[in-house]
Amino acid sequence: MARKKAYIEEQVIEKAMNLFWRNGYESTSVRMLENEMGINQFSIYASFGSKQGVFKESIKCYKGKLRELVNNMEASHGKAAIKAYFYAFNNFAKQNIGQGGCLINNTFSELGTNAPEEVMTEMMAFVNELKAVFQKKLRDDDATSSNDHLAKQASFLLVAIQGMVVASKVMANSEIENFVEMTFSSL
């Protein structure tokens, strides 16, 4: 008969997510995960398969935290919805500054295309979803532009938000606000 887990997976994954967010994937060891999560290595491997499995679940947890921001954008109209998302995301990043910006952006910066395939798939699913929402919101304000043009604008906005996240680690909020305003004045 299988033993009942003495922990709640969502809680230990949130702890792991915070550790990965602070330290990055490569710098986080299984021993560090044991200490942070409060479970032993056997339990980590039994529940998640590997450090990579813990990280994949951490990315899912992080995406869940961003879900409310994306839902708010989806419920609003046009470029104004995207701009509000930028501001909301900046506030999210600032509130979690002890973690260091954005977990997904940090992981792309750290691992690039060397990220484990499962992790890359999970991160790209979020990026592609965000791009699709950007494109849909752009279409709200510009029904005559080609899909190709809107896709290019959505890609521009993805790169812009990545830059904003990196800048938010060191720049004053007023500078970030200037960046957001200039980004949207150029669309």
What number of residues in segment 103-142 are hydrophobic (A, V, I, L, M, F, W, C), at pLDDT 90 or above and not in a helix (DSSP H, G or I)? 0
So is Leu187 outside any helix (DSSP H, G or I) and under 17 Å from Tyr85 (Cα atoms) or not? yes
Scan of segment 81-102 for residues that are surrounded by 14 or more Cβ atoms within 10 Å (Cβ to Cβ) and not in a helix (DSSP H, G or I), ordered by number: Asn96, Gln99, Gly100, Gly101, Cys102
Yes or no: Met182 closer than 30 Å to Gly49 by Cα, in a helix (DSSP H, G or I) and of a type outside the set (Ser, Thr, Tyr)? no
Can you find, within segment 38-80, the residue that is nearest to the chain's Cα centre (by Cα) among those that are farther than 30 Å from Leu187 by Cα and of a type in the set (Lys, Arg)? Lys60
Any residue that is within 23 Å of Asn18 (Cβ to Cβ) and touching a Ser or Thr at 6+ places or on another chain (Cβ under 6 Å) - is there at least one of those in segment 116-136? no
Are there any pairs, at least 6 apart or on different chains, whose C-beta atoms fall under 6 Å, with the first in segment 56-77 and within 21 Å of Glu14 (Cα to Cα) and the second open to solvent by 60 Å² or more (accessible area, probe 1.4 Å), and if so, which? Lys56/Glu118; Cys61/Glu14
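So that you can scan it fast, the table gives a plain yes or no per residue for (1) closer than 17 Å to Pro116 by Cβ; (2) modelled with pLDDT of 95 or more; (3) part of a helix (DSSP H, G or I):
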| site | (1), (2), (3) |
| --- | --- |
| Arg3 | no, no, no |
| Tyr7 | no, no, no |
| Val12 | no, yes, yes |
| Lys15 | no, yes, yes |
| Arg22 | no, no, yes |
| Asn35 | no, yes, yes |
| Ile39 | no, yes, no |
| Phe42 | no, no, yes |
Report, by residue number, each residue of segment 134-187 that is among the aliphatic types (A, V, I, L, M), in contact (Cβ under 8 Å) with a residue 24 or more places away in the chain and either open to solvent by 20 Å² or more (accessible area, probe 1.4 Å) or in contact with an Asp or Glu (Cβ under 6 Å, 6 or more places away or on another chain) (or both). Leu158, Val166, Leu187
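Using the structure shown, decide if Phe55 is more than 22 Å from Lys169 (Cα to Cα), open to solvent by 50 Å² or more (accessible area, probe 1.4 Å) and either part of a helix (DSSP H, G or I) or at pLDDT 95 or above (or both).
no
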Restricted to segment 14-52 and to residues being open to solvent by 10 Å² or more (accessible area, probe 1.4 Å) and among the β-branched types (Val, Ile, Thr), the residue farthest from Asn106 (Cα to Cα) is Ile39
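The values are calculated or read from the model by the stated rules, or taken from the named source; none is laboratory data. Quantities reported herein were computed from a predicted structural model and do not represent experimental measurements. Because the Cβ atoms are built from the backbone with ideal geometry, glycine has one as well, and the counts that use them run over all protein chains shown. Ligands, DNA and RNA are stripped out before the accessible areas are found, and what is left, the full protein with its side chains, is counted by its heavy atoms. Shrake-Rupley method; radii C 1.70, N 1.55, O 1.52, S 1.80 Å.
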